[in-house]
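I have placed the structure first, in the form of structure tokens, so that the comments after it can refer back to it.
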Amino acid sequence: MRSRLMMYSTAPLDDPVGQSLGHHHAHFARRRGQVAVYLPEVATFCAVSADPTGAEWADLARLLGPGELADMFSCPATPPADWEPVFVLEGRQMIRPAGNRPDRRHVETGTDVVELGADSVPEMLDLVARTRPGPFWPRTHELGTYLGIRDNGTLVAMAGERLRPPGWSEISAVCTAPEARGRGYAARLVNALVARIEARHERCFLHVAEANAGAIALYEGLGFQTRKPVTFRGFRTPGQSQPYR
Ligand SMILES: CC(C)(COP(=O)(O)OP(=O)(O)OC[C@H]1O[C@@H](n2cnc3c(N)ncnc32)[C@H](O)[C@@H]1OP(=O)(O)O)[C@@H](O)C(=O)NCCC(=O)NCCS
């Protein structure tokens, strides 16, 4: 009982990148001292301690290299003044409360929901480029299960798992091609992931941009509730990036 209660603690959700890299995704981590980053072809997210020292920021700069993106995800820590701000995006973190039943209209997963693996990466990247659900890289699909729906052989909708802090799995890359929207594809894919995640006794969470009212409506309809507002920030490490050879 005690372990189940600990597993469902929301505390890991306050540092989802660090908690993922420290546990389920440790094999995707590059580390230096206290800091960790994902392998760049998997994700660009960085993790630092709750109150990083100057030495930690220096370690992160060395890990990433000069003039490179430090995607701090929702981490509130501010790097030194010579780190150039690259982006700021207001968003929210949503969780799916335990025992919350999905809307019955969207429970049916259908036989046309397929698992997407390495062979599907080119079409996943193409769908992401057309729909812009958020960052997605050539090896992001290795972070968890990715599901899709094809229409006449063409991938028109997908969703998958990204961050995985203990007890939780983040649903991400939810997108439907413009010509296939409004058919319930995103709802079916998210529900199929929810079923898989909850079957292994984990709980679902996700992040969404505050301006994305359509996606927020989708997630609320599937039983997700807002846990807290978050601010996504990215910075450029000091110095000049090295030209690729
Ligand atoms: C958001 C998105 C994934 C929805 O895909 P979709 O396949 O059209 O969604 P569905 O047809 O499954 O919609 C299911 C429910 O979500 C809600 N919904 C979906 N899109 C909505 C919109 N733009 N506005 C309001 N509600 C919306 C509807 O209430 C719908 O419920 P209904 O069956 O009662 O009508 C799609 O618009 C998209 O790819 N957007 C760009 C990428 C993106 O922003 N992804 C989310 C990143 S967090």
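Would you mind stating whether Ile197 is away from the ligand (no atom under 13 Å from the Cβ), closer than 30 Å to Ala70 by Cα and within 17 Å of the chain's Cα centre (by Cα)?
So Ile197 passes the test.
Within region 173-190, can you find the residues that are in contact (Cβ under 8 Å) with a residue 60 or more places away in the chain and near the ligand (Cβ under 7 Å from one of its atoms)?
Listed by number, the residues that qualify are Gly184, Ala187, Arg188.
Hey, Arg139 hits all of (1) buried (at least 18 other Cβ atoms within 10 Å of the Cβ); (2) within 26 Å of Asp119 (Cα to Cα) but one; which does it fall short on?
Checking Arg139 against (1) buried (at least 18 other Cβ atoms within 10 Å of the Cβ); (2) within 26 Å of Asp119 (Cα to Cα), the one that fails is (1).
Conditions: (1) closer than 20 Å to Phe45 by Cβ; (2) within 9 Å of the ligand (Cβ to nearest atom); (3) basic (Lys, Arg). Arg139 meets all but one. Number of the miss?
Unmet for Arg139, out of (1) closer than 20 Å to Phe45 by Cβ; (2) within 9 Å of the ligand (Cβ to nearest atom); (3) basic (Lys, Arg): (2).
State the number of residues belonging to region 205-245 that are within 13 Å of the ligand (Cβ to nearest atom), in contact (Cβ under 8 Å) with a residue 40 or more places away in the chain and open to solvent by less than 60 Å² (accessible area, probe 1.4 Å).
Count: 15.
Could you please let me know if Ala157 is closer than 11 Å to Val113 by Cα, modelled with pLDDT of 95 or more, touching a Leu at 6+ places or on another chain (Cβ under 7 Å) and within 12 Å of the ligand (Cβ to nearest atom)?
yes
Within region 45-91, can you find the residues that are surrounded by 18 or more Cβ atoms within 10 Å (Cβ to Cβ) and in a strand (DSSP E or B)?
Phe45, Cys46, Ala47, Ala70, Asp71, Gly91
Go through region 120-159 and report how many residues are more than 26 Å from Val37 (Cα to Cα) and among the acidic types (Asp, Glu).
The number of residues fulfilling the criteria is 2.
Somewhere in region 157-164, is a residue surrounded by fewer than 20 Cβ atoms within 10 Å (Cβ to Cβ) and either not assigned by TED's automatic domain parsing to the domain that holds Asp15 or not basic (Lys, Arg) (or both)?
The answer is no, given that none of the residues of region 157-164 is surrounded by fewer than 20 Cβ atoms within 10 Å (Cβ to Cβ) and either not assigned by TED's automatic domain parsing to the domain that holds Asp15 or not basic (Lys, Arg) (or both).
If you take the residues in region 170-186 that are closer than 21 Å to Asn152 by Cβ and among the hydrophobic types (A, V, I, L, M, F, W, C), which one is surrounded by the fewest Cβ atoms within 10 Å (Cβ to Cβ)?
Among them, the one singled out is Ala180.
The values are calculated or read from the model by the stated rules, or taken from the named source; none is laboratory data. Note that this is a predicted model, so its numbers are computed, not measured. Note: ideal-geometry Cβ built from the backbone for every residue, glycine included; neighbour counts use all protein chains shown. In case anyone asks, the SASA skips ligands and DNA or RNA and just uses the protein heavy atoms, side chains included. Shrake-Rupley method; radii C 1.70, N 1.55, O 1.52, S 1.80 Å.
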